[in-house]
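A short worksheet on the structure shown next.
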Amino acid sequence: MSGTRRVPASLIGLAGLFLTWEVASQTGLVPGLYLRPPSEVLPTMVDLLGDETFLRALLATVLATVIALVIAVLIAVPSGLLLGSIPLVRRACMTVVEFLRPIPSVALIPLALLVTGTGPDTKIALAVYGALWPILFNTMYALDELDPLHVETARAFGTGRVAVLTRIALPSAAPFVLTGVRLSFAIALAVVVSTELFAGGTKGLGQFIMEANSGGAHMDQVLAGTVIAGLVGYAANAGLERLHTKLFAWNAPRGDAS
């Protein structure tokens, strides 16, 4: 299915979600005092998008997410190439990788606060940690799919190990790396917002939600901030998916409905 056909289907699903939310809130299936209906939340969201203070908080969150994602790519891609191309290094490192990977970034917030304080460094460092793994594993396993004939042919023409990695392995792995980046953006965004929410002290969307939640009197703003976080993630994923399709059309999965 083409990307242009997926957009209406996605919007239908989103409209269904908001409709269900509206009905549940208006009919009392859920406490309307806390779960305000979309008919209240969406106008609040529009108002917030015209508020300079909120936009600064949103920009801080998006900027921290992008910085974390770039750092994660710079770390994970070379590491994935190394682990995927040298079996001895892979065997030596995988135990540590598999030990660290399941640890959620949120669980590291108390430790990160003690080490780096409540500044932007903390949320960026935690987001880097969370975003590393999809890119690392996608890069590493992409090398497993590399046709050995291509490598042997390159070596037969005197191509060195580094040149094989940069000229053959990396281009072949690029579609998988970009898929990892798509997955990692959502993770990085969630970690940044969570850190702002729980740690406080650093400007961002999470801090705005936390302050709006004080006393429970502004739940429409809480939900509006949450919806905007979801829209940021949706927009980033759609943009990266479009970029993937444009750059790697030959590698586009058949019947991809994501």
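The values are calculated or read from the model by the stated rules, or taken from the named source; none is laboratory data. Since the model is a prediction, treat every value here as computed from it, not as a measurement. As a convention, Cβ positions derive from the backbone with ideal geometry for all residues, glycine included, and neighbour counts pool all protein chains shown. SASA here: full protein model, heavy atoms, side chains in, ligands and nucleic acids out. Shrake-Rupley method; radii C 1.70, N 1.55, O 1.52, S 1.80 Å.
A few comments on the model shown:
- So Phe99, is it open to solvent by 80 Å² or more (accessible area, probe 1.4 Å) and either in a helix (DSSP H, G or I) or within 27 Å of Lys246 (Cβ to Cβ) (or both): yes
- Selection status of Gly225, more than 30 Å from Gly84 (Cβ to Cβ), assigned to a helix (DSSP H, G or I) and at pLDDT 90 or above: yes
- Filtered by the rule that a residue be at pLDDT below 90 and outside any helix (DSSP H, G or I), region 23-51 gives Thr27, Gly28, Leu29, Val30, Pro31, Gly32, Leu33, Tyr34, Leu35, Arg36, Pro37.
Here's the yes/no breakdown for (1) among the hydrophobic types (A, V, I, L, M, F, W, C); (2) open to solvent by less than 50 Å² (accessible area, probe 1.4 Å); (3) part of a helix (DSSP H, G or I):
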residue: Thr53; (1), (2), (3): no, no, yes
residue: Ala60; (1), (2), (3): yes, yes, yes
residue: Thr65; (1), (2), (3): no, yes, yes
residue: Ala72; (1), (2), (3): yes, yes, yes
residue: Val89; (1), (2), (3): yes, yes, yes
residue: Met94; (1), (2), (3): yes, yes, yes
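- Residue match in region 53-66 (condition: more than 18 Å from Gly206 (Cα to Cα) and in contact (Cβ under 8 Å) with a residue 60 or more places away in the chain): no
- Within region 109-125, the set of residues being open to solvent by 60 Å² or more (accessible area, probe 1.4 Å), touching a residue at least 24 places away in the same chain (Cβ under 8 Å) and in a helix (DSSP H, G or I) comprises just one member, Pro120.
- The set of residues in region 133-159 that are open to solvent by 70 Å² or more (accessible area, probe 1.4 Å), among the aromatic types (Phe, Trp, Tyr) and closer than 30 Å to Phe99 by Cα contains only Tyr141.
- Lone qualifier among Val162, Val181 - being in contact (Cβ under 8 Å) with a residue 60 or more places away in the chain, out of contact with any Asp or Glu (no Cβ under 9 Å at 6 or more places or on another chain) and of a type in the set (A, V, I, L, M, F, W, C): Val181
- Identification of helices (runs of 4 or more DSSP H) wholly contained in region 160-213 with 3 or more residues that are open to solvent by less than 10 Å² (accessible area, probe 1.4 Å) yields 170-199, 205-213.
- Residue among Val106, Val128 that is surrounded by fewer than 18 Cβ atoms within 10 Å (Cβ to Cβ), of a type in the set (Val, Ile, Thr) and at pLDDT 85 or above: Val106
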